[in-house]
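Take a look at the following structure, please.
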Amino acid sequence: MAQIDLIKTLREETGAGVMDCQKALSKANNDITKAKEILKEEGLLKADQKASRETKAGVISGFLNENQKIGALLELRCETDFVAQNEEFINLANNLVKQVAQENPKDLESFLSQNYIEDKNETVDHITKGATAKFGEKIVIEKFIRWETTGILTLYIHHGNRVGTLVELEISNMAEEYKQLGKDLAMQVAAMNPLYLAPENIPEEKIEAMKQEYLQEIDQNKPLEVRNKILEGKLSKKFEEICLLKQKFIKNDEITVEQYVKNFGKNVKIGRFIRFQA
């Protein structure tokens with residue numbers, strides 16, 4: 001096989017640059033198998049050299065199985081928006097989150113040691129380090145989560161892959177109206193970033209800290225009854241900001257999310273939700 005054909009084949013199989021392939025083939029005396037090993041070793045070395053760099057960009061990728069019982073989110077980070085917008089980088093994130101959903105790793109360490117679903121001869125760790133060498137930037141899996149439910153899950157990835165959400169509905173019916181409800185709620189979480197489902201889900205110490213903060217803002221010369229009403233109003237306003245059910249519904253700000261959900265029947269409940277942002 002001619003040198004140029006060897007370089008082309010090696011590039012197609014490894015994704016390495018032309019010059020890197022040429023150098024690896026030269027060192028390996030045009031043995032493609034040995035050249036692959038050389039590229040792999042050099043890639044791991046490059047990854048180690050970039051380990052201290054900051055990853056200020058990235059994408060959120062999500063996966064939902066066909067019956068909407070298993071869902072996952074994953075944040076893959078890099079150094080620049082240029083790489084974050086690269087199709088190969090996004091595809092890597094999509095493959096990794098699919099692996100999270102299918103293989104259910106218990107933590108990042110076990111995930112990195114798993115064989116990569118798209119290439120069983122490589123581990124996830126080697127794949128991400130190889131991506132570091134290929135893109136010339138530090139590539140790391142920042143975090144991931146996997147949910148499994150007896151209800152249904154809804155996934156939403158915002159345009160640009162910077163925000164992703166999962167919402168669980170505690171229902172078993174897959175009717176289209178419930179799918180739309182789940183989608184609306186997932187979009188609500190993406191847009192409004194609630195921290196809690198309802199006021200009763202806020203830890204007591206957090207509420208107490210809010211009270212102490214707001215009490216300092218209230219004129220202590222006012223009657224106790226007036227001060228309590230002001231405090232109640234401030235807390236209520238805060239709950240409307242941080243509690244999903246108390247937020248104004250983004251598609252109709254004349255109602256709350258809680259009122260919107262009630263339109264689907266008393267047996268429909270939100271189980272949990274989560275939001276990732278890159």
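The values are calculated or read from the model by the stated rules, or taken from the named source; none is laboratory data. This is a predicted model, so every value here is computed, not measured. Virtual Cβ from ideal backbone geometry, glycine too; neighbours counted across all protein chains shown.
Only one of 92, 155, 76, 112 is at pLDDT 95 or above and under 21 Å from residue 271 (Cβ atoms). Can you tell me which? Walk me through how you get there before you give the answer.
Working: 92 fails: under 21 Å from residue 271 (Cβ atoms); 76 fails: under 21 Å from residue 271 (Cβ atoms); 112 fails: under 21 Å from residue 271 (Cβ atoms).
On inspection, the qualifying residue turns out to be 155.
While we're here: If you go through segment 212-256 one residue at a time, how many are free of Cβ contacts under 8 Å to residues at least 12 places away in the same chain, among the hydrophobic types (A, V, I, L, M, F, W, C) and in a helix (DSSP H, G or I)?
Residues flagged as free of Cβ contacts under 8 Å to residues at least 12 places away in the same chain, among the hydrophobic types (A, V, I, L, M, F, W, C) and in a helix (DSSP H, G or I) within segment 212-256 amount to 2.
Take the residues in segment 245-268 that are closer than 13 Å to residue 181 by Cβ and of a type in the set (A, V, I, L, M); name whichever of them is modelled with the lowest pLDDT.
268
Do you know which of the residues in segment 155-183 that are among the β-branched types (Val, Ile, Thr) and outside any loop (DSSP other than H, G, I, E, B) is surrounded by the most Cβ atoms within 10 Å (Cβ to Cβ)?
Step one: of segment 155-183, the residues among the β-branched types (Val, Ile, Thr) are 157, 163, 165, 167, 171.
Restricting the remaining residues to those that are outside any loop (DSSP other than H, G, I, E, B) gives 157, 163, 165, 167.
Values: 157: 20, 163: 18, 165: 25, 167: 28.
Filtering first and then ranking leaves 167.
Can you spot a residue in segment 132-154 that is closer than 28 Å to residue 189 by Cβ, among the hydroxyl-bearing types (Ser, Thr, Tyr) and in a strand (DSSP E or B)?
Keep residues of segment 132-154 that are closer than 28 Å to residue 189 by Cβ, which gives 139-154.
Checking which are among the hydroxyl-bearing types (Ser, Thr, Tyr) leaves us with 149-150, 154.
Subset that is in a strand (DSSP E or B): 154.
For segment 132-154, residues closer than 28 Å to residue 189 by Cβ, among the hydroxyl-bearing types (Ser, Thr, Tyr) and in a strand (DSSP E or B): present.
Then there's this: Go through segment 67-86 and give me each residue that's more than 30 Å from residue 178 (Cβ to Cβ) and small (Gly, Ala, Ser). Write out each step before concluding.
Looking only at segment 67-86, we keep the residues that are more than 30 Å from residue 178 (Cβ to Cβ), and these are 76-86.
Passing the criteria: only 84.
Return only the number of the condition from (1) assigned to a helix (DSSP H, G or I); (2) farther than 25 Å from residue 72 by Cβ; (3) modelled with pLDDT of 95 or more that residue 186 does not satisfy.
(2)
Can you tell me which residues in segment 84-102 are surrounded by 15 or more Cβ atoms within 10 Å (Cβ to Cβ) and not β-branched (Val, Ile, Thr)?
84, 86, 89, 92, 93, 94, 95, 96, 98, 99, 101
For residue 192, indicate whether it is more than 19 Å from residue 72 (Cα to Cα), modelled with pLDDT of 95 or more and under 21 Å from the mean Cα position of the chain (by Cα). Walk me through it before giving the result.
Values: more than 19 Å from residue 72 (Cα to Cα): yes; modelled with pLDDT of 95 or more: yes; under 21 Å from the mean Cα position of the chain (by Cα): yes.
Yes.
Might you let me know whether segment 241-260 holds any residue that is among the aromatic types (Phe, Trp, Tyr), buried (at least 18 other Cβ atoms within 10 Å of the Cβ), in contact with a strand residue (DSSP E or B) (Cβ under 6 Å, 6 or more places away or on another chain) and outside the structural domain of residue 144 (by TED's automatic domain parsing)? Working first, answer last.
Pass one, segment 241-260, residues among the aromatic types (Phe, Trp, Tyr): 249, 260.
Among the residues that remain, those that are also buried (at least 18 other Cβ atoms within 10 Å of the Cβ) are: 249, 260.
Now restrict to residues that are in contact with a strand residue (DSSP E or B) (Cβ under 6 Å, 6 or more places away or on another chain): 249, 260.
Next, from what is left, pick out any that are outside the structural domain of residue 144 (by TED's automatic domain parsing): 249, 260.
Yes: one or more hits.
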